[in-house]
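So the structure is just underneath, and the comments pick up after that.
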Amino acid sequence: MSAVMITRKVRKWEKLPGKNTFCCDGRVMMARQKGVFYLTLFLIIGTCSLFFAFECPYLAVHLSPAIPVFAVLLFLFVMAMLLRTSFSDPGVLPRALPEEATFIEMEIEAANGNVPAGQRPPPRIRNVQINNQIVKLKYCYTCKIFRPPRASHCSICDNCVDRFDHHCPWVGNCVGKRNYRYFYLFTLSLSLLTIYIFTFDIVHVVMRKYQTHRCIVWPASPETGFTVLEVLVCFFTLWSVVGLTGFHTYLISLNQTTNEDIKGSWSGKNRVQNPYSHKNIIKNCCEVLCGPTYPSVLDRRGLMQDISPVSATSATLSSSSSVNPVPQTTKTTAPLIPNEHTPDDAKPNIAASVQASPSPKEEHPSASKLPPLASPETDVETSIAKDKTH
């Protein structure tokens, strides 16, 4: 059975390897594990909704109408930075094509030479010099490439990410070169929003309990339970979010990533200096937060040709059945010409079928024009009549 190759055009994101999910025709790129990301949305939207519904109306009337306005702006900024971090390409590096991978393997084998049996081959490492500092480029056995400086392979998304910081389940994506600044702005604005809501929740409780010029105990109501719930959520969120923001502020001031800090790349026994640091906090912050926005190298929405094999027999049968349907035929149990093996009850039926079928002479168009032939009885009568006359 032969196969027919059918070519069709598809988007490149449909054929990208790895463990990412795509939405909106490749415009949205996230990790497959998004359960914690939905929890983040629920906590932020739920807490802010309770604050807008119960605290803001009272504070706008008794304190200032600018309080809910500023809270809405801060909430919108937090959501924009969260979605920008979660839905963008963090800096995924494309994998090597089969031809490129074969060429790299040949170069590695030529450089290493023949390795004796039983010995482990040397590690696949290339040395480059950055700011008078030797940096090692490691080979990725999954992507078949030598990773650029500061890149690492994410085991969750199964992709190499440029300037890999960490994989954050709270945003449902990796944090890398293309979305790190948005992640930092998200944590910073979320810290401010949490402090803002927590502060005005306490103010609301105090103002409702002690009214102006008189001391009136605040009666128990459903609003009390929601306010206490907001205070608890903000209290436990405050420590983690503010602590995370402070930690990344420290990393930005050193121009360092979380992955490098955990591995101790620039603070190990050798005391190797960070070649990416400018030895100035302001310059490091400007490079990380105000540097150029790098385009994605994946070209997710580009077109490519997808070649899929299809069996030729099925393709021929489907095309013939759709164009020229095959008529159904019936099988006869008796042969067309009777012989000694033909049963007697089948012979009359065959004879009847032969008599019923038109002969070739009757079907010939010139047969109707010929005169009828005279029978032998008619010839005898005409001869007797001639003898009487004579």
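Derivation of every value follows stated rules applied to the coordinates shown; laboratory data play no part. Model, not experiment: these values are computed from the prediction. Backbone-built Cβ (ideal geometry, glycine too); neighbour counts: all protein chains shown.
Using the structure shown, list the pairs from Lys19/Lys263; Lys12/Lys283; Lys19/Lys279; Lys263/Lys283; Lys12/Lys136 with a Cα-Cα distance above 28 Å, or answer none. Listed pairs above 28 Å: Lys12/Lys283; Lys19/Lys279; Lys12/Lys136. For the stretch 50-110, treating each Cα as an identical point scatterer without solvent, what Debye log10 I(q)/I(0) comes out at q = 0.15, 0.23 1/Å? For the stretch 50-110, the Cα-only Debye profile gives -0.67, -0.91. The string of couplings for the stretch 26-33 from the Karplus curve (6.51, -1.76, 1.60, θ = phi - 60°) is x, 6, 10, 10, 9, 7, 6, 8 Hz, one whole number per residue in order, with x for Gly and Pro.
Summing Lys and Arg as +1 and Asp and Glu as -1 over all other residues whose Cβ lies under 9 Å from the Cβ of Gly18 gives a net charge of +1. For the stretch 127-159, the list of trypsin sites (Lys or Arg not before Pro) that fall in a loop by DSSP and count at most 16 other C-beta atoms within 10 angstrom reads Lys144. Scaled against 2.2 N^0.38 Å for its residue count N, the alpha carbon radius of gyration of the stretch 33-161 is 1.84. Less than 5 angstrom separates the built amide H of His278 from those of Asn284, all sequence-distant by 5 or more or on a different chain. What is the spin-label model distance, in nm, from Val128 to Cys286 if the labels are put 7 Å beyond Cα along the C-beta direction? Between Val128 and Cys286, the simple spin-label model gives 2.5 nm.
Karplus-derived 3J(HN,Hα) values for the stretch 200-205, using 6.51 cos²θ - 1.76 cosθ + 1.60 with θ = phi - 60°, are 6, 5, 5, 4, 5, 5 Hz; glycine and proline are entered as x. Shown is the FRET efficiency for Val10 and Val206, computed with R0 = 56 Å from the Cβ-Cβ distance and rounded to the nearest 0.05: 0.35. Close amide-amide hydrogen proximity is noted between Arg163 and Ala151, Ser152, each under 5 Å apart and 5 or more residues distant or on a separate chain (H modeled in the peptide plane; Pro and chain starts excluded).
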